Amino acid sequence: MPDQQQTLSVPSLLLLAAFAALTIRYFFFAKPSTSSPPTNPRAANPADVEQIATMFPQIGRREIIWDLQRNGGSVNATTERILGRGSLDPPPPSFQPVIPAGVTPSTANTTPGQMKSEHIDLITRYNLGSRLSSPPSTPPESSGASGSQQAQSWSNNKNERQALLKRRREDMILGARRKLEEKERTRLQQDG
Amino acid sequence: MASTIASRRLFHEYKLLTSSPPDGITAGPVSEDDIFLWEALIQGPDGTPFEGGIFPAELKFPKDYPLNPPTMRFLGEVWHPNVYPSGLVCISILHAPGDDPHHYEKASERWSPIQSVEKILISVMSMLAEPNDESPANIEAAKMWRERRGEFEKTVRDGVRRSLGM
């Protein structure tokens with residue numbers, strides 16, 4: 001009997017030692033990441049937040065940071081969501097991220113229906129600013145009235161389809177913008 | 001079960017709209033991961049103050065589509081008697097056969113499974129050209145359209161320019 005107790009205490013001693021080691025490690029080395037277990041503690045990159053905030057001035061930075069944190073920091077995913085739905089999910093009241101200094105947290109007490117007064121234009125919405133100044137990408141049929149003849153095609157590949165659709169949207173908007181610019185120019189020439 | 005029927009039908013409509021799109025209309029799901037949320041671009045009809053404009057709208061489909069119609073909401077500003085200030089479009093083809101709150105719509109004009117996204121978008125396009133004065137969704141716009149047509153047209157044209165970033 002005493003023999004058995006002797007042998008038992010070796011493993012339990014080891015166990016105790018392991019437990020002690022873990023406890024010490026827990027107290028001394030694990031300070032930062034203990035407080036917020038449910039949310040992804042990965043902080044959103046401030047540059048990404050700024051980029052999205054510039055693109056969509058109507059969206060608050062708090063919402064942007066919240067969305068970025070939840071999707072693992074993907075600017076694309078957040079942008080897509082804003083474009084698709086016009087807004088982001090409101091973060092819980094307890095979520096109070098550090099918002100970059102010098103920037104007023106545009107909490108913009110806008111009820112969903114109310115914010116319609118300050119619409120963003122299509123160029124901003126579809127992020128087409130960079131393509132405005134560049135010449136039309138398909139020169140032969142850019143300014144013609146029937147610019148959509150070629151673009152209409154269906155792909156069996158999901159991503160390709162998505163890209164084609166995006167392309168058609170962008171061409172439609174850029175086409176309209178160019179037409180309007182042209183109209184403006186001829187009007188100015190006639191006036192002056 | 002119902003929602004697989006709905007997504008199959010929506011996918012089919014997406015394919016049709018892509019391979020032979022009606023003039024001035026581009027439409028499709030925002031992302032194919034959710035076939036029940038679409039985004040459409042509608043070109044303003046020629047010969048109207050909306051001419052030259054491109055109007056983005058979102059369409060939300062119910063899980064029992066095509067039994068019930070989608071809702072449609074313009075995402076930018078659209079100053080029009082039949083568009084609520086929130087962007088929501090109010091035309092008969094978007095109303096389910098059962099609910100006619102005002103009793104002036106003919107059943108044939110309202111939603112039924114034989115209608116389609118394409119027909120909705122074409123109806124909305126012609127609605128832009130010819131407002132329906134009987135069911136104003138935007139009272140202010142309706143009043144302006146009725147009483148001060150010049151001002152209405154200017155308001156719309158200014159909106160078109162703004163929306164294209166000019």
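The values are calculated or read from the model by the stated rules, or taken from the named source; none is laboratory data. These figures come from a predicted structure and were not determined experimentally. Every residue, glycine as well, gets a Cβ built from its backbone with ideal geometry; the counts of neighbours run over all protein chains shown. Surface areas here come from the heavy atoms of the whole protein model, side chains and all, with no ligands, DNA or RNA. Shrake-Rupley method; radii C 1.70, N 1.55, O 1.52, S 1.80 Å.
The table for this structure:
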read-out: In region B:57-67, residue nearest to the other protein chains (Cβ to nearest Cβ) [restricted to those that are free of Cβ contacts under 8 Å to residues at least 60 places away in the same chain and under 22 Å from B:Ser126 (Cα atoms)]; value: B:Glu58
read-out: Helices (runs of 4 or more DSSP H) fully within region A:43-86 counting 1 or more residues that are closer than 24 Å to B:Arg73 by Cα, of a type in the set (D, E, K, R) and more than 11 Å from the chain's Cα centre (by Cα); value: A:75-85
read-out: Residues being more than 10 Å from every other protein chain (Cβ to nearest Cβ) and surrounded by 20 or more Cβ atoms within 10 Å (Cβ to Cβ) - total across region B:39-56; value: 2
read-out: Hits in region B:1-24 - residues which are aliphatic (A, V, I, L, M) and buried (at least 20 other Cβ atoms within 10 Å of the Cβ); value: B:Ala6, B:Leu10, B:Leu17
read-out: Test for A:Pro105: is it surrounded by 11 or more Cβ atoms within 10 Å (Cβ to Cβ), at pLDDT below 50 and farther than 25 Å from B:Leu88 by Cβ; value: yes
read-out: Matching residues in region A:172-192 - criterion: being open to solvent by 50 Å² or more (accessible area, probe 1.4 Å) and more than 9 Å from chain B (Cβ to nearest Cβ); value: A:Arg178, A:Glu182, A:Arg185, A:Thr186, A:Arg187, A:Leu188, A:Gln189, A:Gln190, A:Asp191, A:Gly192
read-out: Matching residues, region B:109-149, being under 27 Å from B:Ser7 (Cβ atoms) and not in a helix (DSSP H, G or I); value: B:Arg110, B:Trp111, B:Ser112, B:Pro113, B:Ile114, B:Gln115, B:Ser116
